[in-house]
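Working notes, beginning with the structure itself.
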Amino acid sequence: MVDAYRLRSPLDHLGLTARAQAEAEYSGTGVVLSEIAHLCLINIRGDASDPAFIAAVEKSIKLTPPTAPNTVAGKPSQSRIMWLGPDEWLVITKPGRGERAMAELWKNLKDGKLHAAVTDSSEARTCIRIEGPRAREVLAKGCPIDLHPSAFGPGQSAQCIVAKCGVMLVQTAQAKDTAGTYELYVLRSFATYLWTWLEDASQEFGVRVA
């Protein structure tokens, strides 16, 4: 874990906090962009068919690793666990909770001598959230997967490309008018590029920073 006083978002240089304050009164925008910085991201590898492995993860983070491809378990306001592959998951939790989660996972998985791996990848990525009535249309400009509500809805995820940039995409909410809220987990070295692309692609709909 990185010392808290040394943490720096890869988008800090864009002054997003100041922009969010200045644009708070904007209305009529079709897209809202924000960065969710410093989330705790923990990669887990293990055997989903091993009851002992599943039980150890459940005991550690109070969530069951999903086995259905491209799904996420848990609530956005709390901790979540994302399916990345048949033997791989990503735990997503709020800033400050990662150290305890890592300790619990190490204890419960290693003490049982299970064939598993736990890696803190928190500072490897940041999260960009895009929401609003035109968010799906913006993503569709650069994402090849079908984002229609009938094909991709809340609780679903995908490792995909957005504007030639590899991301972990999660849909967290769906409004009655089919407007979605999406989170894009992007490597920090690509974060500025992806943010500027999303902002540019949103211009025709009106965009503000939150």
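The values are calculated or read from the model by the stated rules, or taken from the named source; none is laboratory data. Bear in mind the structure is a predicted one, so any value in this text is a computation, not a measurement. Cβ coordinates were reconstructed from backbone atoms using ideal geometry, including for glycine residues, and neighbour counts include every protein chain displayed.
The residues of region 180-203 that are within 21 Å of residue 144 (Cβ to Cβ) and without any contact (Cβ under 8 Å) to a residue 60 or more places away in the chain, listed by number, are 180, 181, 182, 184, 190, 193, 196, 197, 200. Of all residues in region 45-72, those satisfying the criterion of being within 17 Å of residue 169 (Cα to Cα) and surrounded by fewer than 18 Cβ atoms within 10 Å (Cβ to Cβ) are 68, 69, 71.
A quick yes/no check of all residues on (1) outside the structural domain of residue 108 (by TED's automatic domain parsing); (2) at pLDDT below 90; (3) more than 20 Å from the chain's Cα centre (by Cα):
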position: 18; (1), (2), (3): yes, no, yes
position: 26; (1), (2), (3): yes, yes, yes
position: 31; (1), (2), (3): yes, no, no
position: 47; (1), (2), (3): no, no, yes
position: 50; (1), (2), (3): no, no, yes
position: 62; (1), (2), (3): no, no, no
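Just one of the listed residues (109, 114) is among the hydrophobic types (A, V, I, L, M, F, W, C), within 22 Å of residue 83 (Cβ to Cβ), outside the structural domain of residue 16 (by TED's automatic domain parsing) and surrounded by 21 or more Cβ atoms within 10 Å (Cβ to Cβ), namely 109. Do the conditions hold for residue 88, that is, is it in the same structural domain as residue 166 (by TED's automatic domain parsing) and under 25 Å from residue 152 (Cα atoms)? Against the criterion (in the same structural domain as residue 166 (by TED's automatic domain parsing) and under 25 Å from residue 152 (Cα atoms)), residue 88 does not qualify.
Let's see how each residue does on (1) surrounded by 13 or more Cβ atoms within 10 Å (Cβ to Cβ); (2) in the same structural domain as residue 76 (by TED's automatic domain parsing); (3) assigned to a strand (DSSP E or B):
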| site | (1), (2), (3) |
| --- | --- |
| 102 | yes, yes, no |
| 105 | yes, yes, no |
| 130 | yes, no, yes |
| 144 | no, no, no |
| 148 | no, no, no |
| 151 | no, no, no |
| 158 | yes, no, yes |
| 173 | yes, no, yes |
